[in-house]
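Have a look at the structure below before the remarks.
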Amino acid sequence: MQVKDLQPRQGKVDIVLDIVDVGEPREFEKFGKAGRVANAIAKDETGDIKLTLWNEDIEKIKSGDKIKITNGYVSEWQGEMQLSTGKFGTMEVIGESKEAKEEETSPPDEEEDKKAYQESEENLKKVEEKLEEDPDFDEEEVKDE
């Protein structure tokens, strides 16, 4: 199964994902019981999805891990799909993701950034020059209505 195939309210999700980022855990209380929840970003070659981590699952994973979710569940909150282990699923770390690790630790490519900035500046100058040229219409013919 792949991220692109996931649908809201889908159960029995078996998927292998790379963890890109893990957010800070938040504490909550529901029905008099304390709990913790955190969001992570997980991806495969077809896309990414928000992964909701509950209680002890939060400590199991870190950025750069490759995980396998068995019998997971896809929910939807505020129009965004979220994957979790649900009530009956499991999550296990099965290794490290080289791609996610590189994405997390790689410094910015300054040369690439400079090149993109220069291209943007040149494009902006071209647009500004075009705006300064004579308009394609006679301003006297344009009437305010």
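The values are calculated or read from the model by the stated rules, or taken from the named source; none is laboratory data. If you're wondering where the values come from, they're calculated on a predicted model, not measured in any experiment. For neighbour counting, all protein chains shown are included, and Cβ atoms are generated from backbone atoms with ideal geometry for every residue, glycine included.
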Legend entry - Count of segment 72-96 residues which are hydrophobic (A, V, I, L, M, F, W, C) and surrounded by 15 or more Cβ atoms within 10 Å (Cβ to Cβ): 4
Inset, instruction - Note down all Cβ pairs under 8 Å where the first residue falls in segment 19-42 and is over 28 Å from K66 (Cβ atoms), the second is in a strand (DSSP E or B) and of a type in the set (D, E), and they're at least six residues apart or on different chains. - result: A34/E27
Inset, instruction - Sort out for me the strands (runs of 3 or more DSSP E) sitting completely within segment 22-90 that have 1 or more residues that are closer than 20 Å to Q2 by Cβ. - result: 33-44, 47-54, 65-77, 80-84
Inset, instruction - Six or more apart or on different chains, Cβ under 8 Å: which pairs go from a residue in segment 50-75 that's touching a residue at least 40 places away in the same chain (Cβ under 8 Å) to one that's acidic (D, E) and assigned to a helix (DSSP H, G or I)? Could you list them? - result: S63/E104; G64/E104
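Here's the yes/no breakdown for (1) of a type outside the set (A, V, I, L, M); (2) at pLDDT 95 or above; (3) touching a Phe, Trp or Tyr at 6+ places or on another chain (Cβ under 8 Å):
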| site | (1), (2), (3) |
| --- | --- |
| P8 | yes, no, no |
| F28 | yes, no, no |
| K33 | yes, no, no |
| R36 | yes, no, yes |
| E56 | yes, no, no |
| I94 | no, no, no |
| E102 | yes, no, no |
